[in-house]
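Written out below as structure tokens is the structure these notes cover.
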Amino acid sequence: MAKIPVELIELEHQNYHMLVQGTFEDGEKGYWIVDSGASKTVFDRQLEQYFSLIEPTSDEEYQSAGISEGMVETAVGQLGPVAFGKLKIKEQKVALINLDHVNEIYRKYRDIRICGLLGSDLLKKYHCVIDYKYETISFSRPRK
């Protein structure tokens, strides 16, 4: 099991986003929004060095809809290795979208780059448990 700290960012009064830090194979760090309401894990299309494009298995498989934007232009990628604490995730399928609008919002609060959103697909696969009291998230390796 890998237990890592989460950072709660208050974007509006009493409205929080939960962030975790991941590390790519080259040592570069990036922040991820924990988004249990997102059905799929999302990655920033502009970070091309960390993914390879793949063909979706169906036309609907990786369509993305934002709450305020309607349908978003989406591609499908295979994410290279990324570590969350001691857990190293390899070959995660992700929806690829431009996250400039998300990063623009976060720049008002912190000087960080959001590289993706951890969606329900990944959270379920790794049996994630969020502990708000201690501000941690735990990942377990999936059973084979």
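The values are calculated or read from the model by the stated rules, or taken from the named source; none is laboratory data. Bear in mind the structure is a predicted one, so any value in this text is a computation, not a measurement. Backbone-built Cβ (ideal geometry, glycine too); neighbour counts: all protein chains shown.
Screening region 108-127 for residues that are within 16 Å of GLU7 (Cα to Cα) and surrounded by 12 or more Cβ atoms within 10 Å (Cβ to Cβ) and picking the one that is modelled with the lowest pLDDT gives ARG110.
Checked against (1) in contact (Cβ under 8 Å) with a residue 40 or more places away in the chain; (2) over 22 Å from SER39 (Cβ atoms), ASP111 meets all criteria but (1).
Pairing each residue of region 45-58 that is touching a residue at least 24 places away in the same chain (Cβ under 8 Å) with any residue that is part of a loop (DSSP other than H, G, I, E, B) and surrounded by 15 or more Cβ atoms within 10 Å (Cβ to Cβ), provided the two are 6+ apart or on different chains, yields C-beta distances under 8 Å for ARG45/LEU99; GLN46/LEU99; TYR50/GLY80; PHE51/GLY80; SER52/GLY80. Within region 17-36, how many residues turn out to be surrounded by 15 or more Cβ atoms within 10 Å (Cβ to Cβ) and outside any strand (DSSP E or B)? Total satisfying the criteria: 1.
Filter region 117-140 down to the residues that are outside any loop (DSSP other than H, G, I, E, B) and among the charged types (D, E, K, R), then identify the one that is farthest from LEU99 (Cα to Cα). My answer is ASP131.
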